[in-house]
1. With the condition kept exactly as written, say whether any residue in segment A:51-69 is among the hydroxyl-bearing types (S, T, Y), away from DNA strand D (no atom under 11 Å from the Cβ) and free of Cβ contacts under 8 Å to residues at least 60 places away in the same chain.
2. Report yes if some residue within segment B:132-143 is surrounded by 17 or more Cβ atoms within 10 Å (Cβ to Cβ), more than 7 Å from every other protein chain (Cβ to nearest Cβ) and not in a helix (DSSP H, G or I); otherwise report no.
3. Tell me whether segment B:114-124 contains one or more residues that are farther than 22 Å from B:L77 by Cβ, touching a Pro at 6+ places or on another chain (Cβ under 9 Å) and without any contact (Cβ under 8 Å) to a residue 60 or more places away in the chain.
4. Could we say that A:L88 is more than 25 Å from A:Q9 (Cα to Cα), at pLDDT 95 or above and buried (at least 18 other Cβ atoms within 10 Å of the Cβ) here?
5. Of all residues in segment B:51-107, how many are away from every other protein chain (no Cβ under 13 Å) and either under 20 Å from A:V124 (Cβ atoms) or touching a Pro at 6+ places or on another chain (Cβ under 9 Å) (or both)?
6. Starting from residues that are among the charged types (D, E, K, R) and within 14 Å of the chain's Cα centre (by Cα), keep the ones in segment A:108-120 and report whichever is nearest to the other protein chains (Cβ to nearest Cβ).
7. Can you say whether A:G128 is within 7 Å of chain B (Cβ to nearest Cβ), modelled with pLDDT of 95 or more and either more than 18 Å from B:Y111 (Cα to Cα) or loosely packed, with under 15 Cβ neighbours inside 10 Å (or both), as far as the supplied structure shows?
8. Would you confirm, using the coordinates I've provided, whether B:E147 is within 7 Å of chain A (Cβ to nearest Cβ), of a type in the set (D, E, K, R) and under 30 Å from A:Q129 (Cβ atoms)?
There are 2 protein chains.
Amino acid sequence: MNSQEFNQQDLSRIKQLCDDAGMKLTHQRLEIYKELLAVMDHPSAERVHKRLQKRLPTIAIDTVYRTLATFTEFGILKKLNVSNDRTLFDINIEPHHHFVCTHCKAVEDIYWHDFDKTTLPEAVTEVGQVQSRHLELHGICNRCMNEKGQ
Amino acid sequence: MNSQEFNQQDLSRIKQLCDDAGMKLTHQRLEIYKELLAVMDHPSAERVHKRLQKRLPTIAIDTVYRTLATFTEFGILKKLNVSNDRTLFDINIEPHHHFVCTHCKAVEDIYWHDFDKTTLPEAVTEVGQVQSRHLELHGICNRCMNEKGQ
DNA sequence: CTATCAATTAAGAATGAATCTTAACGAAGG
DNA sequence: CCTTCGTTAAGATTCATTCTTAATTGATAG
C-alpha cells in the first residue's frame with residue numbers, strides 16, 4: 001500500500017464517517033477500510049480476512065464480519081447478493097451496476113447514468129415506491145473468453 | 001388447488017420437461033411443481049417444504065432442496081439472490097425483473113420489455129459478453145405503505 | 001405375477017457461512 | 001494510576017444447505 005492508494009484524504013474521510021456514526025476508528029476498522037479501498041474488487045468477508053492476516057495476524061474473522069456489517073449499517077459499504085453462497089461487499093457506494101461473470105464469478109462495476117435517469121414503467125407504481133435500482137448483467141467476462149480461446 | 005390452477009396442459013408441460021431432462025416425473029416432483037405454480041410468489045425451499053407438508057406429511061426438506069436444484073439445473077426454475085439469507089425460487093422463467101420490498105421482503109415481478117431491448121452502454125463490451133440482464137428495484141411496496149399510514 | 005435393477009427418496013449427519021457469548025483488552029478522562 | 005465503556009479475540013453456536021447411506025419405488029424383463 002502506497003500513498004497513492006490510501007492518502008490523507010481517505011483517512012480524513014473514514015475518520016469523519018466513523019465520527020458521524022458515533023464509533024471509534026480502531027486499528028482493525030482502519031485496516032479493513034484500507035484493504036477494501038486498495039483492492040476495489042468485491043470481496044467476501046472471508047477473503048478480506050485472509051488478505052488482512054498478512055498485516056494483522058491475530059485479527060478474528062468475527063471482527064471482519066462485524067466491521068463489515070457495521071460499515072454497511074452506516075452506508076460506508078454495500079452488500080452484494082449476486083451469488084447465493086457468500087455475501088460480497090462493495091466499497092463503491094456511488095449508484096452503479098454490475099457485470100457478473102458466470103464462469104469465474106468476478107464482479108465488475110458498470111456505470112450507466114442514462115439508464116439511472118430513465119423513467120420506470122408505469123406499472124411499477126402499482127407495486128410500490130422505488131428507492132434504488134440495480135442492474136445485474138450476467139455473461140462471460142473478456143478474461144475468461146480469452147482463456148477459452150487459447 | 002383446482003383445475004384452473006393446475007390443468008392438463010401444465011401436467012403435459014412438466015411431463016415433457018422432465019422427459020427432456022431425462023428424469024422421472026415422481027410424485028414429489030409433481031407436487032413441488034404444482035405448489036410453485038399454484039402460489040407463484042418467490043418462496044424459499046423451506047417455505048415450499050412447509051406448504052407441502054399438509055399434502056405430503058413425510059416429504060423431507062432435502063427432497064425439496066434437491067428437486068429445486070434439479071429443476072434449476074434444467075431451466076425449469078430460476079434462483080433468486082435478492083437477500084443474503086435464504087435462496088428464493090422463481091417458477092416464472094420468462095425474462096422479467098423484480099421489485100423487492102425493503103420492509104416486508106416480498107418480491108414482485110416487473111415486466112419492462114422496452115428496457116429488455118435497449119442497447120447496453122458501449123463500455124460493457126470492454127468487460128464481457130452479456131447473456132442476460134436482471135433489474136432489481138428496491139423500495140417500499142404499496143401494501144407496506146398502506147399499513148404504515150393506518 | 002415376480003424378480004431385477006436403476007433412480008429416487010427419507011432421515012439424519014455433516015458442512016460451512018455467519019452470528020453470538022464472554023472475558024480480556026485498550027484508549028480516554030479523571 | 002484507576003475507572004469506564006466500547007471494542008476485540010476466541011471459541012461456541014446457529015441455521016441454511018448439502019452429503020451419506022440405506023430403504024423404497026417404479027419400470028422393465030423374464
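The values are calculated or read from the model by the stated rules, or taken from the named source; none is laboratory data. Bear in mind the structure is a predicted one, so any value in this text is a computation, not a measurement. Don't worry about glycine lacking a Cβ; one is built from the backbone with ideal geometry, like all the others, and counts go over all protein chains shown.
1. Looking for residues that are among the hydroxyl-bearing types (S, T, Y), away from DNA strand D (no atom under 11 Å from the Cβ) and free of Cβ contacts under 8 Å to residues at least 60 places away in the same chain, one finds none in segment A:51-69, hence no.
2. The answer is no, given that none of the residues of segment B:132-143 is surrounded by 17 or more Cβ atoms within 10 Å (Cβ to Cβ), more than 7 Å from every other protein chain (Cβ to nearest Cβ) and not in a helix (DSSP H, G or I).
3. yes
4. On the way: more than 25 Å from A:Q9 (Cα to Cα): yes; at pLDDT 95 or above: yes; buried (at least 18 other Cβ atoms within 10 Å of the Cβ): yes.
Spelling it out, A:L88 is indeed more than 25 Å from A:Q9 (Cα to Cα), at pLDDT 95 or above and buried (at least 18 other Cβ atoms within 10 Å of the Cβ).
5. 3
6. My answer is A:E108.
7. No, not satisfied.
8. Details: within 7 Å of chain A (Cβ to nearest Cβ): no; of a type in the set (D, E, K, R): yes; under 30 Å from A:Q129 (Cβ atoms): yes.
No: the conditions fail for B:E147.
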